[in-house]
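To start, the structure itself, in structure tokens.
The values are calculated or read from the model by the stated rules, or taken from the named source; none is laboratory data. Just so you know, these numbers come straight off a predicted model, no measurement behind them. Cβ: placed from backbone, ideal geometry, glycine included. Neighbour counts: every protein chain shown. Please note that ligands, DNA and RNA were not included when accessible areas were found on the heavy atoms of the full protein model with its side chains. Shrake-Rupley method; radii C 1.70, N 1.55, O 1.52, S 1.80 Å.
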Amino acid sequence: MSSRSARPLPEPAARIEEDREPSVPQRAWRVAHERLLQTFTLDTRSLATFRALLGAVLLCHLCGWFVDAPAFLGDAGLLPRGALAGAESLWRITLHAANGQAGWAEVLLLVQIVAAAALCIGWRTRLAAGISFVLYASLLNRAPILVGGGEMLLTALLFWCSFLPATGWGVDTARADEGDVPAAEQRSWATAALVLQVVIACVAVTLLAQEADPLAQVLGQPAWLTPLGAWCAQHGLFTAGMHPVAAGIGVAAPLVLLTPVLPGVLRAVAWLGLAGLQLAAIALFNLGIGPWVVLAALPVFVDARMWNRLLASSVRRPPLRVYHDAGNPDTRRWQKLWCILLGVPRFELHAAQDTPRTATLFEANGSWITIDADARAHLRSAAWVAMLRASYLLAPFGKMLTAVHAEAAFDRIARRFPASLRCPPPRTSRPATVSRGALRLCAAVLTCVLVWNLATPWPRLRAATAVLAPPLKLLRLDQQWAGYLPHGPAQRGWIAAAGETVGGRHVGVLHAPLPVQVPSPTRFAHYQGSIRWHRWNDAVLHSDIAALRYAQYLCHGWNTRHTRADALQSLSLAYVTVHAAGPASRTAPGSDLEQRPLWDGACGAAAAQASSPSTAAQQHLP
């Protein structure tokens with residue numbers, strides 16, 4: 001070998017650069033970059049908790065919609081399909097308007113309820129989230145006048161959730177192959193969109209509330225108060241200083257959670273403050289699903305360190321050992337499914353034939369076996385209750401079942417069912433990651449949503465909203481946060497309706513005949529109904545077309561429930577307002593009620609006017 005070939009080769013320039021110690025700005029940038037990436041890196045337990053809570057909130061919300069479907073989702077109700085005509089109808093695609101019958105909408109709501117339940121338990125997670133998003137956006141497009149900030153946030157979270165893999169707690173994780181389980185942490189455009197969406201919603205709602213004092217408006221409209229809130233208002237527990245404190249928490253806490261360089265203790269305090277603000281809003285005010293959706297989204301800010309501290313006691317305990325029949329692989333999948341769904345933090349799956357003790361128990365009883373931390377063996381229903389006791393969520397329930405000796409009753413019930421119940425066939429192995437094309441779409445939509453939201457404080461960006469409006473309206477992501485809190489002048493009132501039957505009898509169609517007495521503060525919410533009825537009543541106050549439809553709806557509903565002798569002949573709608581010192585137009589001496597007429601006429605005239613061509617041309621509500 002020549003001397004030239006024996007010479008050592010010079011090191012590459014890149015390696016020399018690596019050996020050099022980075023400068024202070026470089027180190028600071030690397031630390032800030034790592035912290036920033038860590039902000040959008042979500043723990044799988046956080047994602048699973050968020051998904052389960054979001055599915056539960058959506059499920060309860062859809063049940064309320066199912067009750068109100070005849071009133072708002074049919075041509076015979078308050079919002080016929082002709083009311084959707086307008087400039088935005090081209091981009092507001094809705095499957096709920098494919099048929100004018102309320103039964104069609106109820107069928108779609110049932111599909112949505114099934115998808116929400118699947119999302120809650122983590123079964124076909126991405127498919128369930130996609131179906132929930134499409135049908136929920138269609139539902140909001142069918143009744144746009146009833147859409148608020150909470151509904152918009154729920155729509156956006158369902159959209160971002162459809163780009164997240166099935167992680168953590170759920171049926172998909174229980175049925176997946178061992179190599180198909182994703183990593184303990186997830187970082188993608190979808191996780192970044194999820195974090196930024198929650199921060200944008202919280203900050204935007206709080207900043208928009210600064211234009212007017214929402215606490216004063218809520219106190220002026222008792223229908224926005226819960227019974228606890230009405231009791232607090234009666235006893236003067238609401239003070240002027242509460243609004244600045246709540247506004248400070250609403251703006252500062254999300255920004256603290258988004259800032260990666262702040263210590264974990266400060267982030268935990270911000271998390272607790274934001275969660276406490278939502279719980280206070282739920283307990284005191286009727287704001288719809290907005291606080292519930294924010295509360296369901298807060299687990300995404302819980303990092304791995306917080307989870308490890310919360311579950312430290314369960315980690316110190318020995319794992320729950322679960323034994324199955326080695327000759328029947330279905331039993332292993334069932335036991336894995338139960339352990340994950342019941343929230344058992346640590347468990348081990350073994351074949352019962354592997355140890356002499358469990359083999360003897362299995363041969364004698366033919367049952368699967370669990371052995372707890374005290375080395376006690378449990379069979380049949382007692383084994384299932386032992387899983388409950390090992391759960392970090394359902395442990396009190398399991399201890400209660402043990403105290404009342406419920407295992408024997410469960411065994412007697414189980415004997416009545418056939419033993420042919422089997423686990424579904426194993427799921428084919430498929431990667432748990434989302435495709436690159438889907439993530440690119442997620443990144444593009446996230447950019448559009450950020451520009452759209454930034455156009456509100458920065459007028460220079462408003463020109464871009466004209467370009468972004470069509471695709472965002474098509475996806476129902478053109479976010480407006482003004483409908484989250486009460487707006488308009490504060491009025492202590494409600495809508496009342498009085499009618500006269502064919503026989504000349506005066507009846508109260510809604511609550512009581514006019515004139516009515518002042519209800520107690522806890523009855524205002526009952527008079528107003530759900531948040532959807534509150535928004536509809538607000539439309540009735542500002543639109544003659546809405547008042548006409550309401551009169552027609554009340555007449556039709558009354559006449560279908562009563563005989564011809566008790567049918568309504570005429571109807572009067574009025575807005576009853578409470579005044580501390582009313583004017584001379586009071587309804588009676590000494591009364592503190594004032595009535596503002598909304599509509600008065602015959603029921604037949606209401607139906608004729610609602611179906612007339614001139615009314616049909618003006619059906620679009622403001």
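General remarks:
For every residue, the table says whether it meets (1) at pLDDT below 95; (2) open to solvent by less than 10 Å² (accessible area, probe 1.4 Å); (3) under 15 Å from the mean Cα position of the chain (by Cα); (4) among the β-branched types (Val, Ile, Thr).
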{"position": "ILE113", "(1), (2), (3), (4)": "no, no, yes, yes"}
{"position": "ALA116", "(1), (2), (3), (4)": "no, yes, yes, no"}
{"position": "ILE121", "(1), (2), (3), (4)": "yes, no, yes, yes"}
{"position": "ARG124", "(1), (2), (3), (4)": "yes, no, no, no"}
{"position": "ALA128", "(1), (2), (3), (4)": "yes, yes, yes, no"}
{"position": "LEU135", "(1), (2), (3), (4)": "no, no, yes, no"}
{"position": "ALA143", "(1), (2), (3), (4)": "yes, yes, no, no"}
{"position": "GLY149", "(1), (2), (3), (4)": "yes, yes, yes, no"}
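- Scanning segment 252-278 for residues that are open to solvent by 40 Å² or more (accessible area, probe 1.4 Å) and among the β-branched types (Val, Ile, Thr) returns THR259, VAL261, VAL265, VAL269.
- Test: residue in segment 484-500 that is surrounded by fewer than 16 Cβ atoms within 10 Å (Cβ to Cβ), in contact with a helix residue (DSSP H, G or I) (Cβ under 9 Å, 6 or more places away or on another chain) and at pLDDT 85 or above: no
- Within segment 339-354, considering residues that are of a type outside the set (Gly, Ala, Ser), out of contact with any strand residue (DSSP E or B) (no Cβ under 8 Å at 6 or more places or on another chain) and not in a helix (DSSP H, G or I), the one surrounded by the most Cβ atoms within 10 Å (Cβ to Cβ): LEU342
- Scope segment 355-366; condition part of a loop (DSSP other than H, G, I, E, B) and surrounded by 13 or more Cβ atoms within 10 Å (Cβ to Cβ); matching residues: THR355
- Restricting segment 445-454 to residues that are free of Cβ contacts under 8 Å to residues at least 24 places away in the same chain and open to solvent by 50 Å² or more (accessible area, probe 1.4 Å), the residue that is nearest to CYS161 (Cα to Cα): THR447
- Annotation note: Cβ proximity below 8 Å between a residue of segment 73-84 that is under 13 Å from PRO144 (Cα atoms) and a residue that is open to solvent by 40 Å² or more (accessible area, probe 1.4 Å) and in a loop (DSSP other than H, G, I, E, B) (sequence gap 6+ or interchain) occurs for ARG81/ASP75; ALA83/HIS620; LEU84/HIS620.
- Hits in segment 384-413 - residues which are touching a residue at least 60 places away in the same chain (Cβ under 8 Å) and open to solvent by less than 40 Å² (accessible area, probe 1.4 Å): ALA386, MET387, ALA390
- In segment 279-333, residue farthest from LEU157 (Cα to Cα) [restricted to those that are buried (at least 19 other Cβ atoms within 10 Å of the Cβ) and in contact with a Cys (Cβ under 7 Å, 6 or more places away or on another chain)]: VAL322
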